[in-house]
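So the structure is just underneath, and the comments pick up after that.
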Amino acid sequence: MTRRLFHLFVPALVLAAAAAPAQDRFATETAKALKRFDGIKFGMFIHWGLYAIPAGEWKGRYVRGIGEWIMFRERIPVKEYEQLAGQFNPVKFNGDEWAQLAQDAGMRYMVITSKHHDGFAMFKSAASKYNIVDATPYARDPMKELSAACARRGIDFGFYYSQDQDWHEPGGRGNNWDFPEKRDAQPYLEQKVFPQVKEILSGYGKLGLIWFDTPGMLSEKQVDGLRAQVKTLQPSCLINSRIGHNRGDYAQTGDNAIPIQVYLQDGKWEVPATLNDTWGYKKNDNNWKDPRDLVAKLADIVSKGGNYLLNVGPTAEGVIPEASQKILRSIGKWLEVNGESIYGTSPSPLYFPDITWRVTVKPGKVYLHILNWPGTKLEIQGLESQVKKAWFLANKASVQFSQKGPALALTLPPKPVDPWDSVIVLEIADQQPKIAEGYRAGQLPQRLDLHAWIARLRGEEIRYDWTTASASNFRRFERESNSLAWYPYKSLNGVYDVEITYACDDAIAGSKFRLASERRGAPPDGVIEGVVEGTGGAFVTRKLAGSLPVRPATETITFGLTGDDKSAAVKVRKITLVRRAG
Ligand code: FHN
């Protein structure tokens, strides 16, 4: 998606305080449901709809961007897009297989698109004939089967519903090529949204949650009405923050956006994320994330206080792509052995100095997730509780350690027990770990690494490589520039000197770079620009000229290269922020 679209339609950079509505008369049910949600950690997102037919191609041409946006990108008239319904026949759909895949992956909840921005209902709807039962040759409601298959396996089931954007209706937001006249949302809400939300809350058993998206233009009163309707029908059904106006029970980060540190100020949160570069199926998108990356991200997100909602985009035949299945099952294998360190845990009480390790906690136990093997010695600073025993979760092998004040020194084997995330269990003398002053989550040090690994990779071409621990291919294509984006979420406040660790062959030096701290709808909080110098191909750390202010309101710190094709080969490992005194 272009940056412009990002700003227009993605409201979710802000982890909006989601706790306010819990004061309403459904507070008890909501609190109970939130506690359950906090424990289950890992969910399957499914984007499935008519857009799976064109699968990223329109009239023989490749269409850039996320697959489910094809109608918008190509300005396809409603009458033409509607024709897809006549071809939609997912005969290979099997709800049990999908739910089983989620279970095999260790996913404990599922959220599927009941209606995306294209306005097509993937369930039987009396409110609009534009639905899978009435408008397709398939003529069945797959959501009945899927919700029942999840219930049988104890997987919490939820629906995604696009409440504001609806490109099929004049009253919905987004389609100004068919409906150029001024929009009136109220009739659309009354005739489609409210009745359909009632349908999905009434016909599919107990919903764990409802996932609204891109709230955009709806008024506070309209959003209150929507919230009241959900809670009246199912008081324990959680509502995500993208309902708008801070009326959600829990918050979303931006898509694929992970906070840089532990983040607990605004209640429970979730990261919605893709397995490749699209949500809805695109036949040519094979940019699959490495399972190692996904397991490490799961540990990273959970250690920071979040849940991970990872997406699959099934085909128009109703099949989840083989590559996605394989990746998910391998995550499941890791969770089978290490799930104890993920489900039902609390976030880290320590801040993270770099990307070597992460921490999750259960009463009397600290789980140390080693994501990047440090060699035979590892020192963790800040744990004051006495460690009684330490062992690898995977094979029970004990780990030698010594403690001196807040320093815990571990002696490790030369190679990781698990190449993705080796978990060491520390049994401690206290129920809750005691943390030394200065090391607590929130008490960030003067020097802080923003590693490329925890950045969101913006753009379709940019890649992260584990072997060099760096991102590359910052090539500028058309309007879309590839960049790294970090999300401080209120954790930083100050003026920072900046160092960059990168590698660049001398022959390709000379691209321009731009580092900026930004927020929507305002001039940047700070910008540093310069030219990339050659490093003889080796990784070096260099100080940048200038300084970067980052404020609590700063939403993103973005690094991009705005040169020509030369910039493709520059490798960026990390940006280090060094807080200036005062
Ligand atoms: O526009 C949608 C997009 O298609 C997708 O559904 C994602 C999932 O989080 N939400 C919106 C963009 O943030």
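Data for the structure
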item	result
Residue in the range 256-305 that is farthest from the ligand (Cβ to nearest atom), counting only those that are touching a helix residue (DSSP H, G or I) at 6+ places or on another chain (Cβ under 9 Å) and in a strand (DSSP E or B)	P259
Helices (runs of 4 or more DSSP H) wholly inside the range 170-255 that include at least 1 residues being more than 15 Å from the ligand (Cβ to nearest atom) and under 28 Å from the mean Cα position of the chain (by Cα)	194-202, 220-233
Answer residue from the range 69-81, given it is within 16 Å of the ligand (Cβ to nearest atom) and part of a helix (DSSP H, G or I) and is nearest to the chain's Cα centre (by Cα) among those	W69
Selection status of G382, out of contact with any Lys or Arg (no Cβ under 7 Å at 6 or more places or on another chain), surrounded by fewer than 17 Cβ atoms within 10 Å (Cβ to Cβ) and not hydrophobic (A, V, I, L, M, F, W, C)	no
Residue under evaluation W98, criteria (1) more than 16 Å from the ligand (Cβ to nearest atom); (2) more than 23 Å from the chain's Cα centre (by Cα), criterion not met	(2)
R292 among the basic types (K, R), surrounded by 20 or more Cβ atoms within 10 Å (Cβ to Cβ) and either in contact (Cβ under 8 Å) with a residue 12 or more places away in the chain or under 26 Å from P215 (Cβ atoms) (or both)	no
Checking Y343 against (1) exposed (fewer than 15 other Cβ atoms within 10 Å of the Cβ); (2) outside the structural domain of L50 (by TED's automatic domain parsing); (3) in contact with a helix residue (DSSP H, G or I) (Cβ under 7 Å, 6 or more places away or on another chain), the condition it does not meet	(1)
Filtered residues of the range 43-68 (kept if within 15 Å of the ligand (Cβ to nearest atom) and free of Cβ contacts under 8 Å to residues at least 40 places away in the same chain)	P54, V63
Residues (under 26 Å from the mean Cα position of the chain (by Cα) and of a type in the set (F, W, Y)) located in the range 45-61	F45, W48, Y51
Any chance A394 is within 17 Å of P349 (Cβ to Cβ), touching an Asp or Glu at 6+ places or on another chain (Cβ under 7 Å) and not polar (S, T, N, Q)	no
Unique match (being in contact with an Asp or Glu (Cβ under 7 Å, 6 or more places away or on another chain) and closer than 30 Å to R73 by Cβ) among R463, R475	R475
Odd one out for S517, checked against (1) within 26 Å of E460 (Cβ to Cβ); (2) out of contact with any helix residue (DSSP H, G or I) (no Cβ under 6 Å at 6 or more places or on another chain); (3) surrounded by fewer than 21 Cβ atoms within 10 Å (Cβ to Cβ)	(3)
Qualifying residue in the range 313-322 (condition: touching a strand residue (DSSP E or B) at 6+ places or on another chain (Cβ under 8 Å), within 16 Å of the ligand (Cβ to nearest atom) and more than 30 Å from V550 (Cα to Cα))	yes
Hey, Q400 more than 27 Å from L450 (Cα to Cα), surrounded by fewer than 17 Cβ atoms within 10 Å (Cβ to Cβ) and within 29 Å of the chain's Cα centre (by Cα) or not	no
Candidate set from the range 188-224 (those that are under 17 Å from H116 (Cβ atoms) and of a type in the set (D, E)); member that is surrounded by the most Cβ atoms within 10 Å (Cβ to Cβ)	D213
Unique residue being in a strand (DSSP E or B) and outside the structural domain of V572 (by TED's automatic domain parsing) when the list is W373, W391, W420	W391
Some residue of the range 150-158 being in contact with a strand residue (DSSP E or B) (Cβ under 9 Å, 6 or more places away or on another chain), in a loop (DSSP other than H, G, I, E, B) and not acidic (D, E)	yes
One residue from L444, L448, L457 being part of a loop (DSSP other than H, G, I, E, B) and modelled with pLDDT under 95	L444
Given (1) out of contact with any helix residue (DSSP H, G or I) (no Cβ under 6 Å at 6 or more places or on another chain); (2) touching a residue at least 12 places away in the same chain (Cβ under 8 Å); (3) hydroxyl-bearing (S, T, Y), number of the condition T467 does not satisfy	(2)
Test: residue in the range 137-145 that is away from the ligand (no atom under 16 Å from the Cβ), hydroxyl-bearing (S, T, Y), within 24 Å of L84 (Cβ to Cβ) and not in a loop (DSSP other than H, G, I, E, B)	no
Matching option when the condition is buried (at least 21 other Cβ atoms within 10 Å of the Cβ), in the same structural domain as S241 (by TED's automatic domain parsing) and either touching a Lys or Arg at 6+ places or on another chain (Cβ under 7 Å) or hydroxyl-bearing (S, T, Y) (or both), among D164, D118	D164
Matching residues, the range 232-244, being of a type outside the set (S, T, Y), surrounded by fewer than 22 Cβ atoms within 10 Å (Cβ to Cβ) and farther than 13 Å from A31 by Cα	L233, Q234
Which listed residue, of L368, L335, is over 19 Å from Y439 (Cβ atoms) and of a type in the set (A, V, I, L, M)	L335
Whichever residue in the range 121-136 is over 25 Å from A149 (Cα atoms) and of a type outside the set (S, T, Y) and, among such residues, is surrounded by the fewest Cβ atoms within 10 Å (Cβ to Cβ)	K129
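The values are calculated or read from the model by the stated rules, or taken from the named source; none is laboratory data. On a predicted model such as this, the values are computed, not experimentally measured, just so you know. No Cβ is skipped: glycine too gets one built from the backbone with ideal geometry, and neighbour counts run over all protein chains shown.
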